[in-house]
Amino acid sequence: MRNYENLVIVKPTFTAEEIQASVKNVEEIITSNGGKIAASDAMGMRKLAYPIEKSERGYYHVIYYSVEPSAISEIERRFRINEDLLRFVTIKYSTNREVAAWNGLVEKVKKTTATPAKEETPTEEAPKTEAEAE
Amino acid sequence: MSEKRKYKKRYCKYCEAKVDFIDYKDVANLRFSLSERYKIMPRRLTGNCKRHQDMISTVIKRARAAAFVPYVVTRKKVITAPFENLK
């Protein structure tokens, strides 16, 4: 098992529920290939530094997980087929130093997504996405 | 030469802060090693050591792929503080 991180940019034209569904779909792709999700962090709707497929904004979601290295090619293949995603970035954490950093990041995400933040994030995200859909 | 030098005595900022790992997601930290037009600043100007410059350059390339940082900034797009508009 090796530690990985996947950043996923979901299309901004979706409603909040559709975004949640596609994020769930992404997590399912990872777990169905034998991955164990350590933490997942919703960074929310953000402006992109440059337009991707003509969209100026995107919904960022980061997933930290560990899988066998051989499963990565299959996961990436499934991501490429998935049309909900504008972009994905897979990062490997292999050396001791990187693994320590990975653990730190996972803990950081867990802290922020613990009780106080959980109540805030859905309420914040919902109005934003609705405004863009209009 | 010493009169022409634009920058002060060089030292590695990252060594001083004892940085072991740089996360590509916090863009504010990368700003130090990027020029106005989001090119990676050379080591001779920033004073970064080789190890940290290698780290920074891979991290910036990752951030570019993830659309946190632009690849190119054309003349029309140059903004003084572009990261404040993000988010």
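The values are calculated or read from the model by the stated rules, or taken from the named source; none is laboratory data. Everything quoted here is computed from the prediction, not taken from an experiment. Every residue, glycine as well, gets a Cβ built from its backbone with ideal geometry; the counts of neighbours run over all protein chains shown.
Report yes if A:VAL26 is under 24 Å from A:GLY104 (Cα atoms) and not polar (S, T, N, Q), otherwise no. Reasoning before the result, please.
Values: under 24 Å from A:GLY104 (Cα atoms): yes; not polar (S, T, N, Q): yes.
Considered against the rule, which asks whether it is under 24 Å from A:GLY104 (Cα atoms) and not polar (S, T, N, Q), A:VAL26 comes out as yes.
Taking B:ALA17 as the residue in question, decide whether it is surrounded by fewer than 18 Cβ atoms within 10 Å (Cβ to Cβ) and within 16 Å of A:LEU48 (Cα to Cα). Walk me through it before giving the result.
Working: surrounded by fewer than 18 Cβ atoms within 10 Å (Cβ to Cβ): yes; within 16 Å of A:LEU48 (Cα to Cα): no.
When the stated conditions are applied, B:ALA17 does not pass them.
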* Take A:GLU56 and decide whether it is within 12 Å of chain B (Cβ to nearest Cβ), of a type in the set (D, E, K, R), over 11 Å from the mean Cα position of the chain (by Cα) and under 25 Å from B:ARG31 (Cβ atoms). => yes
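Is it true that A:LYS24 is out of contact with any strand residue (DSSP E or B) (no Cβ under 9 Å at 6 or more places or on another chain) and on the phi > 0 side of the Ramachandran plot?
Details: out of contact with any strand residue (DSSP E or B) (no Cβ under 9 Å at 6 or more places or on another chain): yes; on the phi > 0 side of the Ramachandran plot: no.
Here the answer is no, as A:LYS24 does not meet what is asked.
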* Structure fact -> Among residues of segment B:52-83 being assigned to a helix (DSSP H, G or I) and more than 25 Å from A:ASN6 (Cα to Cα), the residue modelled with the highest pLDDT is B:ARG75
* Can you spot a residue in segment A:86-99 that is away from chain B (no Cβ under 11 Å) and more than 30 Å from B:ARG51 (Cβ to Cβ)? -> no
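Can you tell me which residues in segment A:17-32 are crowded, with 17+ Cβ neighbours inside 10 Å and touching a residue at least 40 places away in the same chain (Cβ under 8 Å)? Write out each step before concluding.
In the first step, residues of segment A:17-32 are kept if they are crowded, with 17+ Cβ neighbours inside 10 Å; the result is A:19-20, A:22-23, A:26-27, A:29-30.
Passing the criteria: A:ILE19, A:SER22, A:VAL26, A:ILE29, A:ILE30.
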* Could you please find all residues in segment B:30-57 being without any contact (Cβ under 8 Å) to a residue 24 or more places away in the chain and either touching a Leu at 6+ places or on another chain (Cβ under 7 Å) or crowded, with 16+ Cβ neighbours inside 10 Å (or both)? => B:ILE40, B:MET41, B:ARG43, B:GLN53
